[in-house]
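To start, the structure under review is shown below, and the notes come after it.
The numbers here are math on the coordinates, done by the rules we state, and not lab data. Computed from a predicted structure; not experimentally measured. Using ideal geometry, Cβ is built from the backbone for each residue, glycine included, and neighbour counts are taken over all protein chains shown.
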Amino acid sequence: MLVGVLALQGDVREHERALAHCGAVTMRVRNSGQLRRIDGLVIPGGESTTITKLAIDLGLFEPLAARVREGMPIFGSCAGMIMLASRVEGGLPGQPGLAAIDMTVRRNAFGRQVESFESDVDMPAIGDEPIRGVFIRAPWVERVGPGVEVLATVPGPGALDRIVAVRQGVALATAFHPELTGDHRVHRLFVESIGANQRELMEEER
Ligand code: GLN
């Protein structure tokens, strides 16, 4: 199993470390040849406008969207979550998403005054223990389509619960950064989903 980490900008190394911890072999992805070789991809935290622009300029955005449509497992944290959206609010004019998950994501949603915060997040999909959520100019999910599972929420401004982790099929996204905490359960969930996906593909070939 080869897991790619999109390495255009952002906290690539932290994701590599977390994935290695889960027993995955990783490869940095910067071109479409590398993109073809991987069994799953992580889009790191960073700056979604920059990563999107670089991906478009390098001719990587469309091949990436194509692999998503083919059903490649993909995980995005923070900026990565924004990139997985079908619709982005508060981004650059017309900022495209990869539409891996049927959701509208609002950039920098938690607001300037609380640009960064940490909070314990209940996420039953990874176990009973809450995970420490590190939110850095984080987005939230404003709308999800019917096929999307909400995996976690946190109280946002006005004590309204805001969606911060979602899954749709083989696509997973968190508004926070599990790669920064040393808690590798989200990465393990993702690596396991790649394994399950590979077994399914092998079954289909038989
Ligand atoms: N605000 C950033 C963006 O729009 C995301 C921040 C992050 O990844 N920590 O991409």
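Taking every alpha-carbon pair under 8 Å whose residues sit at least 6 apart, segment 2-50 reaches a relative contact order of 56 percent. With the Kirkwood sum run over all distinct C-alpha pairs, the chain has a hydrodynamic radius of 16.7 Å.
Could you work out the helix-only [θ] at 222 nm for the chain, with each DSSP H run of four or more residues adding -39,500 (n - 2.57) and the total divided by the number of residues, to the nearest 500 deg cm²/dmol?
On the way: 6 runs with 63 residues, N = 206.
-9000 deg cm²/dmol, from helical runs alone.
Volume per residue, Å³, of the convex hull around the alpha-carbon atoms of segment 2-93?
On the way: hull volume 7.7 nm³, N = 92.
Normalising the Cα hull of segment 2-93 by residue number yields 84 Å³.
Considering only Ile126, Asn31, Ile82, and ranking their Cα positions along the charge dipole of the chain that arises from unit charges at the beta-carbon of Lys, Arg, Asp and Glu, the one farthest toward the positive end is Asn31.
Nearest 0.05, what FRET efficiency do Arg37 and Leu160 give at R0 = 45 Å with Cβ-Cβ as r? Could you put the intermediate results ahead of the total?
On the way: r = 43 Å, r/R0 = 0.95.
In this case the efficiency is close to 0.60.
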